[in-house]
1. PRE reach from B:C419 (point 7 Å along Cα→Cβ): which of the stretch B:432-468 fall under 17 Å by backbone N?
2. With θ taken as phi - 60° and the coefficients 6.51, -1.76 and 1.60, list the Karplus ³J(HN,Hα) couplings across the stretch B:401-414 in order, rounded to whole Hz; mark glycine and proline as x.
3. Using only Cα atoms, what is the ratio of the radius of gyration of the stretch B:7-245 to 2.2 N^0.38 Å?
4. For the stretch B:248-356, what is the percent of antiparallel DSSP beta bridges, rounded to the nearest 5?
5. Mean shadow of the protein assembly as shown, computed from the convex hull of its alpha carbons, in nm²?
6. Non-local amide H neighbours of B:G486 (under 5 Å, H modeled in plane, Pro and chain starts lacking H): which ones?
7. Indicate, rounded to the nearest 5 percent, the antiparallel portion of the DSSP beta bridges found entirely in the protein assembly as shown.
8. What is the extension gain from B:V571 to B:S435, computed as 0.36 nm multiplied by their sequence separation minus the C-alpha to C-alpha distance, in nm to one decimal?
Amino acid sequence: MDFSKPLFDAEQGLNLLVVGVGGQGVLLASNVLGEVGLILELDVKKSEVHGMSQRGGSVNSHVRWGKEVFSPLIGKGEVDVLVSLERLETLRYLDLLHPGSVIIADPFALYPVTVTSGKASYPDEKLARAVVKQVIPRNFWIPATELAEGLGNVRAANVVLLGALSVLLNAPASVWHLALERRVPTRFLSLNMRAFQLGQQQMNSALQEAKRSVVS
Amino acid sequence: MDTLIPSEHAIRAADETDIAPSSYGEHPVIALLSGNEAIAHGAWSGGVVFASGYPGTPSTEILETFARLPGIYAEWAPNEKVALDAAIGAAYAGRRALATMKHVGLNVAADAYFYASMTGLEAGLVIVVADDPGMHSSQNEQDTRNYAKFARVPCLDPADSQEAHDMTAFALQLSEQFDTPVLVRSTTRVSHGFGRVQLRQRVEVPPRVRRFPRNPTKYVMVPANARKRHPIVEERTERVREYAEKMPLNRMEIRDSELGIITTGIAYQYVREVFPQASVLKLGMSWPLPHDLIADFAHRVKRLIVVEELDPFIEEHVRMLGIRVEGKSIFPKIGELNPHLVREAAIRAGLLPETARPQTVSVPPLPELPARPPVLCPGCPHRGVLWAIKKLHVPVNGDIGCYTLGVVPPLSTIHTTGCMGAGIGVAHGAAKAGSPEKHVAIIGDSTFFHTGIPALINVVYNKSPVIVVIMDNRATAMTGDQPNPGTGQTLMGEETQAVDIEALVRAIGVKHVTTVDAHDERTIEQVLKSYKKLNEPTVLIARHPCALLPEERRNYVPLRVDADKCDGCGVCLQIGCPALVRSEAIHIPSQRHKVEIDPLLCTGCEVCAQVCPSNAILFRAQLDEASYLRG
């Protein structure tokens with residue numbers, strides 16, 4: 001892998017899928033991504049579902065940037081980046097990816113009631129990592145929830161992942177900051193700016209790590 | 001006369017609705033809006049002054065957005081019929097009006113919808129109906145285009161947020177030009193899809209009549225007048241059809257002549273994605289259909305197909321014109337379309353080569369991934385009530401609301417749910433027909449106001465001994481905690497008279513009525529037990545605000561399990577609270593895992609503490625000071 005330049009040229013268009021569990025901030029993250037596309041003067045479409053499915057359920061949001069975007073939904077095999085806030089949800093959407101996709105995922109686990117009531121078992125972290133590695137070579141595990149907890153609010157985990165994602169794109173940091181300002185409530189802005197920086201640092205060290213392992 | 005409001009006005013409006021307008025480029029007001037937000041701004045720019053609706057996914061955000069724009073009036077009505085009657089009244093009075101609802105809401109409003117088509121109006125009336133293909137949050141996936149044809153009402157079908165905005169504004173002109181209500185039919189992926197929208201300045205439309213019309217031949221639908229109106233409606237339809245032949249919203253995009261695709265709404269986007277080379281007839285108005293335009297398009301292409309979500313509405317019409325066409329023999333008529341489905345169906349039908357498929361990954365076989373069904377939130381006031389009802393072991397006739405989630409294990413309390421307001425009527429009919437068990441009907445506060453009241457009147461009037469449980473969580477919760485007639489708050493944030501449910505129930509004539517706190521497990525069980533023995537109508541009002549309301553959130557205090565007392569019996573897990581989980585610790589004598597509470601999820605509602613047979617879950621008052629302060 002060549003990490004000397006950004007993995008993606010935002011101008012060429014990008015399909016991003018953000019997934020997680022209701023309450024984790026999937027929709028805020030995708031709103032920020034939509035805003036980034038808008039600031040880059042790209043065409044943007046975004047799709048999500050509200051209502052019943054949000055009550056502790058699996059939540060996903062599709063974000064598409066491009067010169068001209070038609071469908072708000074990303075087709076199977078057309079997701080370029082999967083941003084996942086939860087381990088089980090990462091596995092759930094793997095079949096939408098293509099071999100060149102990138103995964104940025106939090107290993108954090110939220111047990112659904114089917115698991116807590118003993119009706120189903122939850123995939124363990126080792127298995128999840130092994131499967132992801134086998135399917136998508138360009139995978140980055142970022143302990144976003146843990147890092148956000150360190151900042152004093154687990155709800156900033158979504159923005160930690162956005163910070164990590166930003167390192168892979170050629171959009172300047174100012175674009176991301178403006179997008180965050182527009183979409184994050186003012187009283188949480190400084191917290192989220194710190195979360196964003198933490199995500200950037202995490203991704204930078206993950207890339208260093210990857211470079212080293214390629215060399216050795 | 002059109003008055004233009006300075007564009008700063010629109011910018012401020014956008015700010016107020018939490019929609020960040022972009023400040024770059026030549027156009028100051030481009031925003032990333034959902035279809036619902038765009039519809040609201042479109043109605044606003046088109047000069048709507050009055051809007052009424054009832055919340056329902058995927059339509060809710062239209063009115064919520066509209067209500068925050070300047071210079072308008074907007075309200076939540078108790079149900080869709082009341083909302084539409086009110087919007088019709090505004091349009092009769094010469095003021096541009098908007099009514100919003102989900103697809104099944106139009107069933108409730110259908111009576112009003114049909115007479116409005118007969119009478120026409122003095123000013124533009126747009127009825128926005130949001131369909132839910134795939135049933136993300138609905139009991140069926142009925143296709144509203146059928147209602148357009150049924151009542152002879154023109155139907156616009158936007159394909160993205162910009163069109164949703166523009167078509168809503170245009171619908172008002174169309175309504176006035178042809179003296180008809182106009183439907184704007186959205187679908188989940190339009191309503192909850194986001195796209196760039198160029199906002200427009202508002203057109204101030206002064207009232208189109210000086211005083212309310214005295215025109216009984218037009219507005220009093222007694223048979224003699226209705227017979228005069230019907231031919232006018234049929235003739236109007238033909239004029240709209242002629243207009244549809246030339247209107248810019250119906251357009252041909254001629255590319256390759258091998259394949260021609262007729263499409264409408266969101267399906268247009270999937271068509272452009274999957275068949276970039278095909279010629280397309282995009283119908284912005286899905287009824288009435290332009291016969292000549294369709295025939296012209298058919299002649300220009302070798303193979304003609306229709307790609308449309310849900311019913312073969314256009315396809316059947318095209319076939320009726322004697323034109324050879326394919327549609328539902330290729331694409332599904334059940335559920336939502338998406339680019340993947342459309343592409344796979346096209347490959348199977350030989351419309352696209354196998355190589356049209358994007359490269360995918362092969363995921364190794366995984367152990368089955370656990371489902372994540374929607375559940376009642378931690379602290380939900382419905383949980384304990386459902387648990388108490390379950391213990392009666394009787395048939396439970398449910399309704400539409402968060403409490404419908406009581407159907408899923410482990411609560412598994414609800415045995416029927418059909419539509420808004422159905423539960424009480426179903427329980428009554430079953431009881432009167434001789435169903436040998438006691439019937440319980442459960443209904444939410446908002447649903448009770450919506451269509452529950454006439455059913456309860458029937459219970460009293462015709463004397464059925466059913467137990468009606470009104471789950472009063474002080475909000476219309478499932479759609480996002482909207483205010484309703486019981487909350488004392490209007491959509492526009494004004495204080496208002498709150499309907500007193502208990503007084504209303506008593507006024508209807510129910511003699512046995514009790515209001516209890518929905519978290520008071522013991523009292524609820526006692527009341528239900530005593531009601532079970534009575535051979536008269538009874539009503540239990542279980543009241544506690546939705547745990548997601550801001551004032552409730554401020555009161556969260558996570559509870560704790562006394563691990564020394566917990567024997568891992570698992571009774572608490574039967575109430576299905578996401579905050580309760582098995583811990584690593586084991587109760588030695590029984591070898592069972594003990595239970596612990598996730599402090600991040602627990603709100604401290606104490607329902608689990610009340611059901612624990614070992615008193616192992618500490619009540620708020622039992623928590624030591626330190627952990628109390630932590631909350």
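We did not get these values from a lab; they are worked out from the coordinates using the rules stated. Given the structure is predicted, the values throughout are model-derived calculations rather than measurements. As a convention, Cβ positions derive from the backbone with ideal geometry for all residues, glycine included, and neighbour counts pool all protein chains shown.
1. B:447-456
2. Per residue, the Karplus-derived 3J(HN,Hα) values read x, 4, 4, 4, 5, x, 6, 7, x, x, 5, 6, 9, 9 Hz.
3. 0.97
4. Percentage antiparallel, nearest 5: 25.
5. 39.0 nm²
6. Those lying under 5 Å, H to H, from B:G486 are B:V499.
7. 35 percent
8. Gain in length upon complete extension: 45.9 nm.
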